[in-house]
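Student: So that we are looking at the same thing, I have put the structure below in structure tokens.
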Amino acid sequence: QALPVLFKHWLKNEEVEEGGTAVLRCELTKPDAPVEWRKGDTVLQPSDKYEIRQEGTRVELFIYDAEAQDA
């Protein structure tokens with residue numbers, strides 16, 4: 001039975017000025033595990049607003065042109 005994927009490093013709160021880029025990072029216990037980024041019930045998809053990067057166990061979400069509603 002395979003071990004579950006866990007967080008090695010949890011997300012930390014980030015502050016960014018409006019119009020800036022926020023970067024959220026976490027690290028998992030297994031490389032290339034599937035990850036969904038969500039805001040409430042909405043699954044975030046790559047777009048001009050959101051960029052998702054995953055390399056091995058490290059996963060990052062970039063939020064471009066940050067606004068108060070992105071909190």
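Student: Under 9 Å between Cβ atoms, at least 6 apart or on separate chains: pull out the pairs that start in segment 4-19 with a residue that is small (Gly, Ala, Ser) and end on any residue that is part of a loop (DSSP other than H, G, I, E, B).
Tutor: Final answer for the pair search is Gly19/Asp65; Gly19/Ala66; Gly19/Glu67.
Student: Is it fair to say Asp32 is on the phi > 0 side of the Ramachandran plot and either in contact (Cβ under 8 Å) with a residue 40 or more places away in the chain or among the acidic types (Asp, Glu) (or both)?
Tutor: For Asp32, the condition - on the phi > 0 side of the Ramachandran plot and either in contact (Cβ under 8 Å) with a residue 40 or more places away in the chain or among the acidic types (Asp, Glu) (or both) - is met.
Student: With the condition being open to solvent by 80 Å² or more (accessible area, probe 1.4 Å) and at pLDDT 95 or above, I'd like the strands (runs of 3 or more DSSP E) fully within the chain carrying at least 1 qualifying residues.
Tutor: Ranges flagged: 50-55.
The values are calculated or read from the model by the stated rules, or taken from the named source; none is laboratory data. From a predicted model like this one, the values you see are computed outputs, not experimental measurements. Ideal geometry is used to build each Cβ from the backbone, glycine not excepted, and the neighbour counts take in all protein chains shown. What goes into the accessible areas is simple: the full protein's heavy atoms, side chains included, and nothing from ligands, DNA or RNA. Shrake-Rupley method; radii C 1.70, N 1.55, O 1.52, S 1.80 Å.
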